[in-house]
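The values are calculated or read from the model by the stated rules, or taken from the named source; none is laboratory data. All of these numbers come straight from a predicted model, not from anything done at the bench. No Cβ is skipped: glycine too gets one built from the backbone with ideal geometry, and neighbour counts run over all protein chains shown. Ligands, DNA and RNA are stripped out before the accessible areas are found, and what is left, the full protein with its side chains, is counted by its heavy atoms. Shrake-Rupley method; radii C 1.70, N 1.55, O 1.52, S 1.80 Å.
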Amino acid sequence: MSGELLKRVECKLEEIPGLGTFIVVPKGLEQVIPDTTAISGVDPRGEQTLYRGYTIEDLGMNANFYEAAYLISRGVLPCEDEYKEFKKRVDYWRGRVPEKVYDALKMLPKTHPMYYGAYGALLLGQLYAPEWSLDKDSLYEHQIRLIAQLPVIFAAAYNLAYYGTFVRPESGADHAWDLLRMITMREPSALEARAFESSLVLYMDHGFNASAFTVRVVASTLSDMYSAIAAGIAALKGPLHGGANEEAMKMFLDAWRKAVEKGVPLEEYIVEYIKEKLARKERIMGFGHRVYKIKDPRTDVAAYYIKQLKDGDMWLKVLKNAEKVMWESKRLPSNIDLYTAILYYQLGIDIPMYTPIFAMGRVVGWTSHYIEQVLDNRLIRPTEKYVGPVGLKYQPMEVRCRR
Ligand code: CMC
């Protein structure tokens, strides 16, 4: 690893008399390794980002949802019997979201659908609480229920709140195809379903990202898996994490509208548009990454599918020109969210569902991190450095508020 690629971050040792030595790490935990994981590892150069030993590009191009999910969960790619059994169980649970959940979803207000997922995960946790245990087989069972049912909850709740209707899972259908059908409420083509499936595989895991780390913190308290996933969804929702794919598409649509007004093609106008945003010191969503400093390898796989979908060549030119101007001005590479934004737009998916789709893939990684954490657990509890006032004494309101 070149020393120039990563920031020179400082870790300081601090002696606190009578207590011992404390390690002061960089804000945001940049370049801090709090634990090991065998699930996935992210390479700053973008060359060796691995799921259980396989590169993310290899799996994004070749593995289907069940294979990649099995690999991330169990550590190896499945053989035929394991594959059939895993698929059967995912498909079984997808079709068995408890009716009480659907009833509850019908009451939800029209808000951002990430709320629906967190709410739904907690609801499942309550309904499955009698069966909850930290036994390994039971953990795998709850993992499959979450992988299968969380996406259905997102799709049903969104369509109920936004369109007043929803479609139920289709028994025996392929997971990714069925989810895209439930989200868009129309039958996708094989190409559309595969493009969507590939994006779920690309999103499945990504080291100690903010939401996976959140899940591990909750897991370390031995709270249940459903509560940990609700917390993961809350962390993913923010625009600096999963919310970036929605913000990126809003940016492209804004640029497109302005390009049409000016009579210039979007692929040309995007350069001026980004330069103006940078001059105003705005962040360009879909660019930059805490770990990747040169390239996010997931973008090449997404580009392969973008090219084959509606207006693919035009969108690839827009992406390339946006990347060129960002690299020349800020030395920042694009990230997967810039590409999935376009891909989901091409698939006719409503923008508020982009981050929920990220969660539909990432639930595989989150639940795997939960299991890895609880099977070798130690409470995650850092120590703070208090810098507030000291020595104050409580005074009743009439005294402390006297002027
Ligand atoms: N646009 C413009 N400037 C940026 C951007 C951006 N997207 N990202 C970072 N910078 C600048 C930032 O202003 C700062 O400049 P300076 O040193 O002059 O103040 C410098 O780069 C370092 O930024 P930082 O916020 O300290 O870097 P970080 O490692 O904490 O940030 C990030 C990582 C992803 C939060 C950030 O790059 C960002 O906000 N990107 C946009 C949001 C986004 O696309 N998020 C999706 C991440 S990938 C999918 C996922 O895993 O969730």
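Between Arg96 and any residue 5 or more places off or on another chain, the built amide H atoms are never under 5 Å apart. Principal axis analysis of the Cα atoms in region 169-208 yields extents of 35, 20, 16 Å, listed in decreasing size.
Under a Gaussian network description of the chain, with springs only between Cα atoms under 10 Å, the residue in Tyr83, Tyr51, Tyr292 that fluctuates furthest is Tyr83. With contacts taken as Cα pairs under 8 Å and at least 6 residues apart, the chain reaches a relative contact order of 21 percent.
So what is the calculated 222 nm ellipticity per residue for the chain, using -39500 (n - 2.57) for each DSSP H run with n of 4 or more, over all residues, to the nearest 500 deg cm²/dmol? If you can, show how the numbers build up before the last one.
Details: 17 runs with 229 residues, N = 403.
Helix contribution divided over all residues of the chain: -18000 deg cm²/dmol.
Residue-wise HN-Hα couplings along region 293-303, as the Karplus relation 6.51 cos²θ - 1.76 cosθ + 1.60 with θ = phi - 60° gives them from phi, are 10, 10, 7, 9, x, 5, 5, 5, 5, 4, 4 Hz; Gly and Pro carry x.
At R0 = 56 Å, how high is the FRET efficiency between Phe22 and Arg186 if r is their beta carbon distance? Nearest 0.05 is fine. Display every interim value, and only then the final one.
On the way: r = 57 Å, r/R0 = 1.02.
Between Phe22 and Arg186 the formula returns 0.45.
Please work out how much length the chain gains when fully extended from Tyr162 to Leu108, using 0.36 nm per residue of separation minus the C-alpha to C-alpha distance, in nm with one decimal. Could the numbers behind the result be given before it?
On the way: separation 54, 0.36 × 54 = 19.44 nm, distance 1.03 nm.
Here the segment from Tyr162 to Leu108 would lengthen by 18.4 nm.
Quick one: Cα convex hull volume of region 244-346, Å³ per residue?
Working: hull volume 8.9 nm³, N = 103.
Dividing the Cα hull volume of region 244-346 by its residue count gives 87 Å³.
Scalar couplings 3J(HN,Hα) for region 159-176, obtained by applying the Karplus form with A = 6.51, B = -1.76, C = 1.60 to θ = phi - 60°, are 5, 5, 6, 8, 10, x, 8, 7, 10, 7, x, 9, 5, x, 6, 5, 4, 5 Hz; x denotes Gly and Pro. For a paramagnetic label modelled on Gln48 (point 7 Å from Cα along Cα→Cβ), amide N atoms under 19 Å away belong, within region 265-309, to 291-298. Accessible surface computed residue by residue for region 244-346, with neighbouring protein chains in place and a 1.4 Å probe, gives 47 Å² per residue.
Quick one: if the Förster radius is 35 Å, what FRET efficiency do Lys385 and Gln126 give, using the C-beta to C-beta distance and rounding to 0.05? All intermediate terms of the calculation are to be shown ahead of the outcome.
Working: r = 38 Å, r/R0 = 1.09.
The calculated FRET efficiency here is 0.40.
Highest mobility in the GNM of the chain, judged by mean-square fluctuation with C-alpha springs under 10 Å and restricted to Tyr66, Tyr102, Tyr370, is found for Tyr102.
Using the Kirkwood radius over Cα pairs, work out the Stokes-Einstein diffusion coefficient for the chain at 10 °C and 1.306 mPa s, in µm²/s as a whole number.
Details: Rh = 22.7 Å.
Estimated diffusion coefficient is 70 µm²/s.
Quick check: at a probe of 1.4 Å, how many percent of the accessible area of region 244-346 sits on carbon and sulfur atoms?
Working: 2530 of 4860 Å².
C and S atoms contribute 52 percent here.
Going by accessible area, probe 1.4 Å, with all protein chains left in place, what is the ranking of His175, His241, largest first? Numbers along the way, then the final one.
Numbers: His175 0, His241 35 Å².
Most to least solvent-accessible, the answer reads His241, His175.
Trp256 contributes an accessible area of around 80 Å² to the protein surface, as traced by a 1.4 Å probe with all chains present.
Of the residues Ile229, Ile336, Ile270, the one that moves most in a GNM of the chain with alpha-carbon contacts below 10 Å is Ile270.
Top to bottom by accessible area (1.4 Å), largest first, where do Met249, Met397, Met285, Met107 land? Numbers along the way, then the final one.
Details: Met249 0, Met397 115, Met285 45, Met107 155 Å².
The ordering from most to least exposed comes out as Met107, Met397, Met285, Met249.
Semi-axes of region 1-160's equivalent ellipsoid from the Cα gyration tensor, sqrt of 5 times each eigenvalue, largest first, rounded to whole Å?
Values: eigenvalues 266, 118, 63 Å².
That gives 36, 24, 18 Å for the three semi-axes.
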